[in-house]
Every structure is written in structure tokens, then in C-alpha cells.
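First up is the structure itself, then whatever we jot down about it.
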Amino acid sequence: MQSERGDSVGANMRQLRSKALVADSQEVFGQSLANLLEHKVGFAKVLTTTLFAEATRHLISGAAFTLAVFDLQLTDMDGFASVSSLRISHPELRIAVSGQSQHREDVLHALSVGAHGYIPRSLSVAETVLALSSIASGQIYVPPTISNLRQDDFVDPSEDQIEQPHINQATINHLTARQHEVMMLIAQGESNKGIAQKLHLSEGTVKTHINALFRILNVHDRGAVAAIVATHIQRH
């Protein structure tokens, strides 16, 4: 049954020619997930990276990704807070997280911030394929090692149920014109180099503006900045 289910999802994915993204701190593990997504789940194209910032740039560059898998141990990722930000800025994206922990609390935390499934890194290949297939096909995946939790116990939280970035409009209104420009370019997926070229600044100056912006907005990554733009600017 599990194999048939995975094959069915794979066929649908090939028909849609979907793209997936894998961001993992361990390059070999990330590539293994990418191979499973391509050859077992059926994604037409899978990009891999070891950096959360690069993954964020891919997501907000306009490429049509339908699934993203994030390692919670990415050094430049703010853990579950980054997952919440991604769900806000990319509400149509299916998000899976992977981690070493198999504790019930961590699984529940991942689901509560908007992840569509938690994949322990110790899962067998067959179970990992099932997990990826389930999440890609619109289901919530709960690992079998967690007792008394079932997929049917959870529904995909709406955007209003996901914790929003803690920022008020007055803070955004008091940004300098340059900080606002940098913020919007971050939300568009520009790298530091790209921002420097567009604004005719040095990369060092851009980095200074970004550090100040992170401090003012009380965020730790570019995904959170994109979420703030999505919730406080694009809606107004």
C-alpha cells in the first residue's frame, strides 16, 4: 500500500513538473533527500543548498517550488521561528522539517508553527519516501515513532493560526528610506551582492543596513523579513 501510494503521488508530480527545494546542513544527506524526491516521489527538479539564506532567495525569486525540506540544524536558520515565517511569506508552499529529535514535543512544535510534517533523520528510506510523498500530496505527516499521534488528528493551520511576526506598523513607518529599500529587495530574493549593485553601494554597507534592519525588526533571518513584507506591506 505504501509503495502504491508513493507511486501515485510520483505520477502526479511528474505530470505537474513540480520543483522542490532541500536545505540541509549535511550536503550528503541533503543530496540523498533530493534523489528520493526525484526518483521515488517524482519531482521534475530539486535544488539543494546548505544555507537557509540561499534557500530563502530561491523561494522568493519567483521559481514555482511546491515543496521545501528544511534541516532544523541549519546554522543560519532560526529554528521553528523561521518555519513560521516561511509559512506566512509562502502560504502555498508545502514545508517539511527534518531533525535528530524524535521527542513528541518537537513534533508538535513543528506542526504548530506551520510545518506539514516532521521527518526524523533516523527514518528508513521507505518511511522517508512515504513521509515526503504524504506531505507533497497535501497530507500532514507524523512519524510512526510518536505514539498516540495520527495524521488525522491534525489539519493544515490557516495563515491566521500561525504566529505572526511581532512587529507594528509604526516601526516599519520609521525605517529610513534606505532601510526600506533594502527590506523590499531582501523580500524580492536579492543577495547582498545584488542589493549592492541595485543601490550602488558596497557589500559592506549593505551588510550594515541589513544588520540594522534585523535589529529594528527583531528578526534573525531573511525569511522573517519577507514574512513582514507579506503581512504588513503587501496587504496595506
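The values are calculated or read from the model by the stated rules, or taken from the named source; none is laboratory data. None of the values given here were measured: they were computed from a predicted structure. FYI the Cβ positions are ideal-geometry reconstructions off the backbone, even for glycines, and counts take in every protein chain you see.
Given the options Leu132, Leu108, name the one that is of a type in the set (A, V, I, L, M) and out of contact with any helix residue (DSSP H, G or I) (no Cβ under 8 Å at 6 or more places or on another chain).
Just one listed residue meets the conditions, Leu108.
Name, by its number, the condition in (1) aromatic (Phe, Trp, Tyr); (2) surrounded by 17 or more Cβ atoms within 10 Å (Cβ to Cβ); (3) assigned to a helix (DSSP H, G or I) that does not hold for Phe29.
(2)
Among the residues of the stretch 84-96, is any small (Gly, Ala, Ser) and part of a loop (DSSP other than H, G, I, E, B)?
No, there is no match, as no residue in the stretch 84-96 is small (Gly, Ala, Ser) and part of a loop (DSSP other than H, G, I, E, B).
Could you check the stretch 169-200 and list, in sequence order, the residues that are of a type outside the set (Gly, Ala, Ser), part of a loop (DSSP other than H, G, I, E, B) and surrounded by fewer than 18 Cβ atoms within 10 Å (Cβ to Cβ)?
If the condition is that a residue be of a type outside the set (Gly, Ala, Ser), part of a loop (DSSP other than H, G, I, E, B) and surrounded by fewer than 18 Cβ atoms within 10 Å (Cβ to Cβ), then His174, Leu175, Thr176, Gln188, His200 are the ones that fit.
On the basis of being closer than 16 Å to Leu86 by Cα, at pLDDT below 90 and surrounded by fewer than 14 Cβ atoms within 10 Å (Cβ to Cβ), does Gln234 make the cut?
Yes, satisfied.
Of the residues Leu130, Leu123, Leu108, only one is more than 26 Å from Lys19 (Cβ to Cβ) and not basic (Lys, Arg); which?
The conditions single out Leu108.
Has the stretch 99-117 got at least one residue that is among the basic types (Lys, Arg) and modelled with pLDDT of 90 or more?
no
To keep it simple, each residue is scored yes or no on (1) assigned to a helix (DSSP H, G or I); (2) touching an Asp or Glu at 6+ places or on another chain (Cβ under 8 Å); (3) over 16 Å from Val219 (Cα atoms).
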| site | (1), (2), (3) |
| --- | --- |
| Asp76 | no, yes, no |
| Ser98 | no, yes, yes |
| Val107 | yes, no, yes |
| Ala115 | no, no, yes |
| Ile119 | no, no, yes |
| Ser122 | no, no, yes |
| Thr128 | yes, no, yes |
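For the stretch 59-68, state whether one or more residues are among the hydrophobic types (A, V, I, L, M, F, W, C), surrounded by 18 or more Cβ atoms within 10 Å (Cβ to Cβ), part of a helix (DSSP H, G or I) and modelled with pLDDT under 90.
Yes, the stretch 59-68 has at least one match.
Given the conditions (1) more than 23 Å from His58 (Cβ to Cβ); (2) of a type in the set (A, V, I, L, M, F, W, C); (3) touching a Lys or Arg at 6+ places or on another chain (Cβ under 8 Å), which single one is not true for Leu199?
For Leu199, the exception is condition (1).
Somewhere in the stretch 74-82, is a residue under 18 Å from Ala227 (Cβ atoms), in contact (Cβ under 8 Å) with a residue 60 or more places away in the chain and buried (at least 23 other Cβ atoms within 10 Å of the Cβ)?
yes
Checking Thr49 against (1) out of contact with any Asp or Glu (no Cβ under 7 Å at 6 or more places or on another chain); (2) free of Cβ contacts under 8 Å to residues at least 40 places away in the same chain; (3) surrounded by fewer than 18 Cβ atoms within 10 Å (Cβ to Cβ), which test does it fail?
(3)
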